[in-house]
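The values are calculated or read from the model by the stated rules, or taken from the named source; none is laboratory data. None of these values were measured; they are calculated from a predicted model. A quick note on method: Cβ atoms are made from the backbone with ideal geometry, for glycine too, and the neighbour counts reach across all protein chains shown.
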Amino acid sequence: MKRIRIILMTAAVLVLAAATAFGAQAASAGGRKAGVKIGYVDLQRALNESNAGKAAKAELQSMMKQMQATIDQKVSETEKLKAELEKQALVLSPEAKKEKQDAIDKLSKETQALISNANTEMQKKQRLKEIGILKKIKTAIDDIGAKENYLIILPADVILYSRNGIELTDEVINRVNQMSSKPAARAPKAAPRTMQKAPAKSGK
């Protein structure tokens, strides 16, 4: 999310610079347009509080819980072998000790691999979920901007001061929720095929 936010913030600064230049040109031309609307959206809150965001969070937490259970099992097996080795150290032969230590080392490596893979998979899954929701948020913002005649809509975290800016976060969340609740469009049913009768054979 940090990388995505940096990209969005950079884009917002560029757009803000363009909007400032536009305003300066309009003022120099002596034409001041009334009713210029500038809005802003808290993207993090839209991500977290939209139904899609809440569902993604629940899914990621469930996925993390399953991964953690697998990791905990490996750790438990490793600790059990360590306890056995410590308890039997005085009676085991060097070969038996080495065998148990090799098994412990193998389990430790497997555990580390599980942790690394789990972190990678979680990050990948989270990025995909966030990108999907951000696309819906962008669609909602575009729709609001076009229909309600906004000059510009910015991320809230790039605004240091705004006297007349309008917060649109709640409206964006509502629109994203509406998108998520709409059933997927069904493909039209094909018309039933009628059986054609074979032409009757003429008698000879």
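If ILE133 passes every condition in (1) out of contact with any helix residue (DSSP H, G or I) (no Cβ under 8 Å at 6 or more places or on another chain); (2) at pLDDT 85 or above but one, which one does it miss?
(1)
Find all pairs meeting these conditions: Cβ atoms under 9 angstrom apart; at least six residues apart or on different chains; first residue within segment 154-170 and outside any loop (DSSP other than H, G, I, E, B); second residue buried (at least 16 other Cβ atoms within 10 Å of the Cβ) and among the polar types (S, T, N, Q).
That search, which allows pairs on different chains as well, returns ALA156/THR169.
Tally up the residues in segment 136-163 that are of a type in the set (Phe, Trp, Tyr) and out of contact with any helix residue (DSSP H, G or I) (no Cβ under 9 Å at 6 or more places or on another chain), please.
Adding up the residues that qualify gives 1.
Which residues, counting only those in segment 100-141, are of a type in the set (D, E, K, R) and either surrounded by fewer than 13 Cβ atoms within 10 Å (Cβ to Cβ) or closer than 30 Å to ILE152 by Cβ (or both)?
Answer for segment 100-141, where residues must be of a type in the set (D, E, K, R) and either surrounded by fewer than 13 Cβ atoms within 10 Å (Cβ to Cβ) or closer than 30 Å to ILE152 by Cβ (or both): ASP102, ASP105, LYS106, LYS109, LYS124, ARG127, LYS129, GLU130, LYS135, LYS136, LYS138.
Considering every residue within segment 125-146, establish whether at least one is under 20 Å from VAL36 (Cβ atoms), in contact with an Asp or Glu (Cβ under 9 Å, 6 or more places away or on another chain) and not in a strand (DSSP E or B).
Scanning segment 125-146 turns up at least one residue that is under 20 Å from VAL36 (Cβ atoms), in contact with an Asp or Glu (Cβ under 9 Å, 6 or more places away or on another chain) and not in a strand (DSSP E or B).
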